[in-house]
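Okay, structure first, notes after.
The values are calculated or read from the model by the stated rules, or taken from the named source; none is laboratory data. The shown structure was predicted, so the numbers you read here are calculated from the model rather than taken from an experiment. Cβ placement follows ideal geometry from the backbone for every residue including glycine, while neighbour counts extend to all protein chains displayed.
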Amino acid sequence: MATSRHHNPGANPPPRRRSWLLAMLRGARRRCPSCGQAHLYAHGLSVVDRCPSCGEELYHHRADRMGPLFAAFLALNLVIVVSLILDQWANLQEGSVLFVALAVGISSFWLLLPAAKGMIVGLQWAWRLHGFQYAAMCRPRQPAAPRLDEAISTPPAPKQGRAASLSGRLHA
C-alpha cells in the first residue's frame, strides 16, 4: 500500500484491511460494523456517534438517504415477486392482488429499513468513505504495553528522612 502525504507511518499504524461483506452483515444485524458487539442505533434509526464497545466513531455515515432507497428497492422487488406469484397461482381478483401486494410492500419496507441502513453504514465504514478514512488515520497510536517478561524499570523515589522533611518545613 502506497503511503500518502497525509499518512505518517511513524505516528500511526497503517490502516488494516476491512471486510466489506462482514461489515455489511454486521450492519444488517444492527450491530457495530467494526466489532459486531454493540448496537448500531441509539433510538429509532439514529446511528450512535461512537461505539460503546470498541470506541469506533460512527457519526461519519451518510446513510440517511441511501438506506431508505435501498430498502424501497428491496421491497419493490418483493412486491413484484409476490404479485406475480398471486397472479399465476391464486384465483384472486385484481383488486385483491393489488391490496395484498400493497400490504406486503409497505410492511416489508418498514421491516427492511433498519437492516438496509445498517448495511449502508457498514459498507461506508469498510470502504472508508465519508470521513471514516480520516478517523482511522487520526486515531492516536496506542503505546505498546510492556511485556510480562520485561522488567519495568522506574527509578526509585528519593528517600527523605525525618531531618530532611523537618528542614523542608522550616525553610518553607
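Below are the figures for this structure:
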| quantity | calculated |
| --- | --- |
| Number of the exception - Leu92 against (1) free of Cβ contacts under 8 Å to residues at least 40 places away in the same chain; (2) touching a helix residue (DSSP H, G or I) at 6+ places or on another chain (Cβ under 7 Å); (3) buried (at least 17 other Cβ atoms within 10 Å of the Cβ) | (3) |
| Options Leu78, Leu148; residue that is at pLDDT 90 or above and either in contact with a Gly (Cβ under 9 Å, 6 or more places away or on another chain) or more than 30 Å from Gly67 (Cα to Cα) (or both) | Leu78 |
| Residue match in the stretch 60-77 (condition: in contact (Cβ under 8 Å) with a residue 60 or more places away in the chain, within 30 Å of Ala103 (Cβ to Cβ) and surrounded by 12 or more Cβ atoms within 10 Å (Cβ to Cβ)) | yes |
| Subset of the stretch 95-115 that is under 30 Å from Ser46 (Cβ atoms) and buried (at least 17 other Cβ atoms within 10 Å of the Cβ) - its residue that is farthest from the chain's Cα centre (by Cα) | Val104 |
| Some residue of the stretch 26-41 being part of a helix (DSSP H, G or I), among the basic types (Lys, Arg) and either closer than 13 Å to Met119 by Cβ or in contact with a Pro (Cβ under 8 Å, 6 or more places away or on another chain) (or both) | yes |
| Verdict on Arg169 being out of contact with any strand residue (DSSP E or B) (no Cβ under 8 Å at 6 or more places or on another chain), at pLDDT below 65 and of a type outside the set (Gly, Ala, Ser) | yes |
